[in-house]
Every structure is written in C-alpha cells, then in structure tokens.
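Engineer: Take this structure first; my questions come after.
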Amino acid sequence: MSVFSPQMAEQESAGEGPSAGGGLAAPPAGRHGAPSFSPLDSNSDAVQPFPRSPKLQRKIAHAAQLSQEQLSRRMQELQAERSRTEAHIQSLKKRRADLSTSTERMKQQVREHFESMRCVLQQDERAVQDSLELDLRRTRSRLDQLLKDWSQHQDQVTKSMSSVQRALSSSEEEEGKGPSDTVRISLSPKKPDASERDIRLNEERFERLLKTLSSISKQLKAQLQRKALLLDCSPMVIDRQTCSSQLAVTSEGRGVSFCGAARPAAGHPLQFDKVCCALGSSAIAAGRRYWEVDVRCCAAWAVGVAYGSLERKGRDKASKLGRNRNSWCVELRGGHLSAWHNDRRVACQGAGQTPPGRVGVWVSYDKGQLAFYDADAAAVLQRFSPAVASAFDRAHHQFTEPLYPAVRFLKPPENQVWPNHLELSNTP
C-alpha cells in the first residue's frame, strides 16, 4: 500500500510521479519551506534534515566574507614570508659560496707561511753548503800547494837519478870526476811536515753543525706538534674564591704565588682551607681545550684538572689533586715527575732528565681524553684515555662533570725553600 504526502500529491499533479522502479523520487533540494533530504545510500557524505534558517544563512554568509578577508591577509603574510625566506636562502647561498673563497684565502695564507719557512730553510741550507764548499776549496788549495812542492821534489830526485846514471856510464876519466859530481847532485831526503796532518776538512766543525741541525730539527718538530695543540688553546684564569688563604693571585688572574702565612679570609664555601690549591674559573663541559702552566719558578707542584665537586675542606685525600676519583694531575716532588688519579701513581715515561719548564694540559671532553705535555718539547708526559690501557684501578671512559683547571703547591724537601710562583701561560 502506497502512502502519499501532500507534497507528493503536488509533485504528481505537476507530472513528477514515482520513478520507474516504483521508488519515491527525492524532492528538489534548496526549495524554501520543503525539507531537504539526501539519498540514504553508502555514497552520501552528509544529511541535512532541515533547511537552514535565514538568520543562520546570513551568519554563514557573513562568516564566509570574514574568512575571505582573513585569507587575503594570510596571503599577504605568506607572500611576505616567502620574500623573507627567499632572501634568507640567497644569504645562505652567498655564505656557502663565501666558504670556498674564505677557505682558499686561508690556504693561500698557510702556503705563504710555509713557503716563507721553506725559503728560510733553503737560504740556510745554501749558506751551510757554501760554507762547506769554501772549506773544501781552502783545504784543496793547501793540498794542491803541498802536492806541487812534493812534485817539484820528485822532479829533482828524477834529475839526480839521471845524473847519477850518466855518471855510471861515463868513461873512466869521467868516473874520476864522479865523486865531485856526486856531491853536487846529491839531495837531502824530504820528510813530511807535521803540519800536513792538519790539512783536512774541519770535521769537528761539521760534527757541531750536524748536532745543531739535529737539535733544530727536533725543536721544529716539537713546535709543529705544539701548533696542533695551540689550535685548541684557551686563556685560563684563577678563581679567587677557590684559592687557599696561603695563596695570592696576581691582578690579571693568571699567576698565583705561595705567600706562607695564612691571610685573613671569610671562609668561602668554595675555598680550599687546608690544601694549597686553586681552581680555574672556566668550566670545561664540551669540546677540546688546551692551556699551559709555567712551573719554572716552583720547586714542587701539581698541575691538573678536577671536577667542581672536589672536596675543598680538610687535608685528607678527598681534597688533594690526583688522590681521588674527582681529579687528575702530574706532579713534581723530590725531583721526580709522576701522574696521579684515584690515589694511584705512575711514573711519567715522557719526562726528560730535567723537569719541564711548562706543563701543557689538553682535554677532549666529549671523547673522555686527557693528556699532559712537556710544552717546550711537545712530549707527552701522561695520557688518560679509554683507548689506552690504564695503569689505574678504575677504567676511565668518560667525564661525568664539568672540569676545571687546577694547580697545587707541594712542600719540597727540607733543604729546599717553599715554591713561590705558578702562572697560567698566555699562549698565542
């Protein structure tokens, strides 16, 4: 049984009857006062069961108008952003192009410096070669003169032999005259002069030259090795708040001296109260750093690095460099150089017969590496690295806290005076 609504009756009267399939045709959408239905099939996206009111339609139209204005403003903002982005991209491209130019300029400057060094070496080599050549010419001239003298003597001997031979083959009458002739042609033997032994190249001077060149070569090699360290050089100053009351810091903050009697102090929490120690003011928490400490005016010392958590109070091992897990150092005591960490000691294998005048400290924080150098000879005194088998109980793999430069004055033997001064070198 079919049921018709009044609207359907109107549609039927207008010639819009049921579809051929017997179903009901959907009413035209958008007609005012008539419900708007969508086919209830799987492809329908939304259903609007009731028509929107005129007030809602005006509100939607007004919102659409505002949205257009917003889109216009947004378009202007995006255009401005695109212009800024294009300008920044051009700037980055220019910087990228400038990188090659800057690198080439740096390479050229490096080539000029090395070329200058090569010129100096070549000039010195020519001067040394000329000196050797001059020595050769002088020695050869003296030998030539000596050879000429002996050749003349040889000629005279030969002539005398000829005269004697003629005298032997002459007549008996001439033989009677022989004794007088023999006397006239006789020659005294020529003996080598003692001065002939001195006619030789100046070998002593040449040996001194070789030793000097060898020393220069070692020093040059050391300086070239030190050059790589100086690339990581960073100025360091003493943190006055950490200094023991027996220490005095210079005005620029790089030098520290032992003054003996304790100075009046307020007892800062960061201050070492019993140990003559001081820390640097700059923390090392990343990257690579290098600095040097001038120890020439000190008879007994310790140079190293420490965590900020190093104990500052008391005289036990917790507050002494190298005697705990929070610090590393090399120290000179009784003329012997040794390295310390976690209260373990090893002798410095790279130390020379004389103590170093400057100690270099190199830190690669990210890789957990620490090295101490004889800065003048660029010789490694001790390394702390996970790549090297450690002589200490606890394997060292990485740093867990920021590091600070550290120096300590040690008490020398009784027959020596107290150390006086340490200085953080202002290396180039």
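The values are calculated or read from the model by the stated rules, or taken from the named source; none is laboratory data. Here the structure is a predicted model, which is why all the values come from computation and not from measurement. Cβ atoms come from the backbone with ideal geometry, glycine included; neighbour counts cover every protein chain shown. Quick note on the areas: whole protein, heavy atoms, side chains included, nothing else; ligands and nucleic acids left out. Shrake-Rupley method; radii C 1.70, N 1.55, O 1.52, S 1.80 Å.
Engineer: Find the accessible area per residue for the stretch 248-369; the probe is 1.4 Å, ligands and nucleic acids are left out, and the unit is Å².
Structural biologist: For the stretch 248-369, the solvent-accessible area averages 44 Å² per residue.
Engineer: Net charge near residue 316: determine it from the other residues with C-beta under 13 Å of the C-beta of residue 316, scoring Lys and Arg +1 and Asp and Glu -1. Could the numbers behind the result be given before it?
Structural biologist: Values: positive: 274, 312, 313, 315, 317, 320, 323; negative: 273, 311, 343.
Result for the local shell: +4.
Engineer: In square nanometres, what is the average projected area of the Cα convex hull of the stretch 271-384?
Structural biologist: One quarter of the hull surface, i.e. the mean projection, equals 6.9 nm².
Engineer: Could you compute the net charge surrounding residue 230? Neighbours are other residues with a C-beta less than 14 Å from the C-beta of residue 230; K and R count +1, D and E count -1.
Structural biologist: Net charge in that neighbourhood comes out at +2.
Engineer: Summing Lys, Arg as +1 and Asp, Glu as -1, what charge do residues with Cβ under 13 Å from the Cβ of residue 355 carry, residue 355 excluded?
Structural biologist: Summing Lys/Arg as +1 and Asp/Glu as -1 gives -1.
Engineer: On the accessible surface of the stretch 236-315, probed at 1.4 Å, how many percent belong to carbon and sulfur atoms?
Structural biologist: Summing carbon and sulfur atoms, their accessible area is 51 percent of the total for the stretch 236-315.
Engineer: Sticking with this one: Report the full-extension gain for the segment residue 166 to residue 248: residue separation times 0.36 nm, less the Cα-Cα distance, to one decimal in nm.
Structural biologist: Difference between extended and current length: 19.2 nm.
Engineer: Now for a separate question. Set the Förster radius R0 to 45 Å, insert the Cβ-Cβ distance between residue 398 and residue 140 as r into 1/(1 + (r/R0)^6), and round the FRET efficiency to 0.05.
Structural biologist: 0.10
Engineer: For the stretch 205-348, I need the span (max minus min coordinate) of the C-alpha atoms along each principal axis, in Å, sorted largest to smallest.
Structural biologist: On the principal axes, the stretch 205-348 reaches 64, 32, 30 Å in Cα extent.
Engineer: Given H placed 1.01 Å from N in the peptide plane, which residues other than close sequence neighbours of residue 399 have an amide H under 5 Å from its amide H?
Structural biologist: Here the answer is 368, since their amide H atoms fall under 5 Å of that of residue 399.
Engineer: Another question, if that's okay. Using the per-residue mean of other Cβ atoms lying within 10 Å as a proxy for protection, in what order, highest first, do the peptides 154-162, 373-381 fall?
Structural biologist: So the peptides 154-162, 373-381, ranked by packing, come out 373-381, 154-162.
Engineer: I'd like the FRET efficiency for residue 205 and residue 103, computed as 1/(1 + (r/R0)^6) with the beta carbon distance as r and R0 of 56 Å, rounded to 0.05.
Structural biologist: Numbers: r = 47 Å, r/R0 = 0.83.
Plugging the Cβ-Cβ distance into 1/(1 + (r/R0)^6) gives 0.75.
Engineer: Pairs 218/320; 107/221; 107/367: which exceed 25 Å Cα-Cα?
Structural biologist: In this structure, 218/320; 107/367 lie more than 25 Å apart at Cα.
Engineer: While we're here: Under the Karplus relation 6.51 cos²θ - 1.76 cosθ + 1.60, θ = phi - 60°, what is the ordered set of whole-Hz ³J(HN,Hα) values for the stretch 270-282, x standing for Gly and Pro?
Structural biologist: So the J values, rounded to whole Hz, are 8, 7, 6, 9, 10, 9, 7, 10, 8, 10, x, 8, 9.
Engineer: Can you list the trypsin sites (Lys or Arg not before Pro) in the stretch 302-384 that are in a DSSP coil and have 11 or fewer other beta carbons within 10 angstrom?
Structural biologist: Taking the stretch 302-384 and a limit of 11 other Cβ atoms within 10 Å, the loop trypsin sites (Lys or Arg not before Pro) found are 315.
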